[in-house]
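The values are calculated or read from the model by the stated rules, or taken from the named source; none is laboratory data. Since the structure is predicted, the reported quantities are computational estimates derived from the model, not experimental observations. Reconstructed Cβ throughout: ideal geometry from the backbone, glycine too, with neighbour counts over all protein chains shown. Areas reflect the complete protein model, heavy atoms only, side chains present, ligands, DNA and RNA absent. Shrake-Rupley method; radii C 1.70, N 1.55, O 1.52, S 1.80 Å.
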Amino acid sequence: MHNAAGLLDSPAQLADLLDRRGYLADPGLATAGFLALRMGRPLFLEGDAGVGKTELARTLAAVLDAPLIRLQCYEGLDAAQALYDWDFPRQLLHLRAAEATGSAADAARLEAELYDRRFLIARPLLRALETTPSVLLIDEVDRADDEFEAFLLEVLSDFTITIPELGTVRAAEPPVVVITSNRTREVHDALKRRCLYHWLEHPDPDREAAILRRRLPEVTDRLAREIARAAGRLRAADLVKPPGVAESLDWARALLVLGARELDAGLVTATLGTVLKYREDHEHVLTTGLVALLAGEGTPQ
């Protein structure tokens, strides 16, 4: 358990600390985060893209005054890319320098020098184990392969890594671990059982308006509410990719740049590209009368 986490006495206190840094957590998320910190368990966050999973990890790092170490998952990610790699160019330079100075005769000593810690490149998992304290964000684990999940489960079980040339690295203090998934595929039960789980819903309009006002104080209360209402209606529409809070924030920023203080049909049409990222979604909004509804000017035809 992180030392700072031990000072937290309730989910409400964690919610307040997150709130001070601009992250509004509902009671369910604050409780899940509090328990993960106090119990020393990874927190597995699942939900649609843009609901605030990654942002929670960033804000937790700020609350705990710990560096955020991020492992971005993708198809084909393997253990070497997540753990460590040897710096072959530097090893080769060292070998050539040894040959030039005539100190390469002692092969055993030279080999030991080549596999010294100074030539090791620490990837996110090793950096998290060697950094105390730290918050380890394993982002979008659903994009990685099944084999990587199994490897990750092993690392999270005891927070140790064995490097054949150097020995075993054990975390002096296990990092706070946040794992996120957009549920593009099901993550295996074994990994989920190792964690505390929380599903992040899109916020209701009142909470989303509050998030917009907190993150962008220059946004008027009226505009924040109109954006939140419009985002909610877009999520209820039959879209390829409904917008998340991240897109709502981008929308609000774009409207601020344009000097808008309220939504109208012209602004909605002109700024759809900040909130919708698929051509099919644009066409759906423009051809079904949703523009007027989003602008609060009527109902779709």
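Figures for the structure shown
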item: Heavy-atom SASA rank of Trp86, Trp199 (probe 1.4 Å, accessible area, largest first); result: Trp199, Trp86
item: Paramagnetic reach from Asp85 (point 7 Å along Cα→Cβ, amide N under 12 Å) across region 122-148; result: 122-124
item: Those aspartates and glutamates that a straight Cα-Cα span of less than 12 Å connects to Lys53, excepting residues fewer than 8 apart in one chain; result: Asp139, Glu140, Glu201
item: Ellipsoid equivalent to region 1-160 - semi-axes via the Cα gyration tensor, in Å; result: 40, 17, 13
item: Carbon + sulfur, % of accessible area of region 1-77 - ligands and nucleic acids excluded, 1.4 Å; result: 51 percent
item: Under 5 Å, built H, 5+ apart or other chain: amide partners of Ile179; result: Leu43, Phe44, Leu45, Ile138
item: Degrees, to the nearest 10: 88-101 long Cα axis against longest axis of the chain; result: 30 degrees
item: For the chain: accessible area per residue (Å², 1.4 Å); result: 48 Å²
item: Chain lengthening between Thr101 and Tyr74 when straightened (0.36 nm per residue, less Cα-Cα); result: 5.3 nm
item: Volume of the Cα convex hull of region 37-127, divided per residue and given in Å³; result: 159 Å³
item: Distant-in-sequence amide H partners of Tyr84 (H built 1.01 Å from N, under 5 Å); result: Arg123
item: Potential extension, Asp238-Thr269 segment - 0.36 nm per residue separation minus Cα distance; result: 9.4 nm
item: Most mobile listed residue (Pro124, Pro217, Pro11) in the chain, GNM with C-alpha springs under 10 Å; result: Pro217
item: Phi-based couplings in Hz for region 160-168 (Karplus 6.51, -1.76, 1.60; Gly and Pro marked x); result: 10, 9, 9, 10, x, 6, 10, x, 9
item: Those lysines that a straight Cα-Cα span of less than 16 Å connects to Lys241, excepting residues fewer than 8 apart in one chain; result: Lys277
item: Full-stretch length increase - Glu283, Leu153 - with 0.36 nm per residue and alpha-carbon distance subtracted; result: 42.5 nm
item: Approximate spin-label separation Ala172-Asp142, in nm, with each point projected 7 Å along Cα-to-Cβ; result: 3.8 nm
item: Cβ-placed point charges (K, R +1; D, E -1), dipole of region 234-279 about Cα centre in debye, nearest 20; result: 160 debye
item: Sequence of Thr59, Thr269, Thr131, Thr287 when ordered by accessible area, the most exposed leading, probe 1.4 angstrom; result: Thr287, Thr269, Thr131, Thr59
item: Accessible surface, 1.4 Å probe, highest first, among residues Lys277, Lys241; result: Lys277, Lys241
item: Dimensions in Å of the chain - Rg and Dmax from alpha carbons; result: 24.0, 85
item: Dipole magnitude of the chain, debye to nearest 20 (Cβ charges: Lys/Arg +1, Asp/Glu -1, about Cα centre); result: 720 debye
item: Between 0 and 90°, nearest 10: helix 221-236 axis offset from the chain longest Cα axis; result: 80 degrees
item: D_trans [Stokes-Einstein, Kirkwood Rh over alpha-carbon pairs] for region 193-237, 4 °C, 1.567 mPa s, µm² s⁻¹; result: 111 µm²/s
